[in-house]
């Protein structure tokens, strides 16, 4: 059963701490990222080496460097990325101190990976 949705707002200082955080895969949650200021770099998809389940057994993690064959893309100010459940992903902010983003986790919906940029 998916958890109720929640919204997280972070800035680059927090993202830099997350750099040590592993790549992740959610069984029952979609992630919606919105970049309010700055840029974010994502790795999406690929195959993990040595994934382990978290306590809820709905999320798997592995070192970001252990994802083989993922696709890289960058979100800039105003961009949104929707990462459906069932997709490995990791993210960083390349410009220390200048990125603010919001991520919303919602119960999984059918669909495919979506990426939208302004204009």
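The values are calculated or read from the model by the stated rules, or taken from the named source; none is laboratory data. Everything numeric here is computed off the predicted structure, so don't read it as measured data. So basically every Cβ, Gly included, is an ideal-geometry build from the backbone, and we count neighbours across all protein chains shown.
General remarks:
- Each residue in segment 1-28 was checked for being modelled with pLDDT under 85 and assigned to a strand (DSSP E or B), and 6 of them qualify.
- If the condition is being closer than 17 Å to residue 83 by Cα and assigned to a strand (DSSP E or B), then segment 40-59 contributes 40, 41, 42, 43, 44, 47, 48, 59.
- Residue ID - nearest to residue 108 (Cα to Cα), chosen from residues in segment 36-55 that are surrounded by fewer than 17 Cβ atoms within 10 Å (Cβ to Cβ) and in contact (Cβ under 8 Å) with a residue 40 or more places away in the chain: 45
- Note on segment 60-119: residues that are modelled with pLDDT of 80 or more, assigned to a loop (DSSP other than H, G, I, E, B), within 11 Å of residue 42 (Cα to Cα) and over 11 Å from the mean Cα position of the chain (by Cα) amount to 1.
- Residue within segment 63-76 that is free of Cβ contacts under 8 Å to residues at least 12 places away in the same chain and exposed (fewer than 13 other Cβ atoms within 10 Å of the Cβ) present: yes
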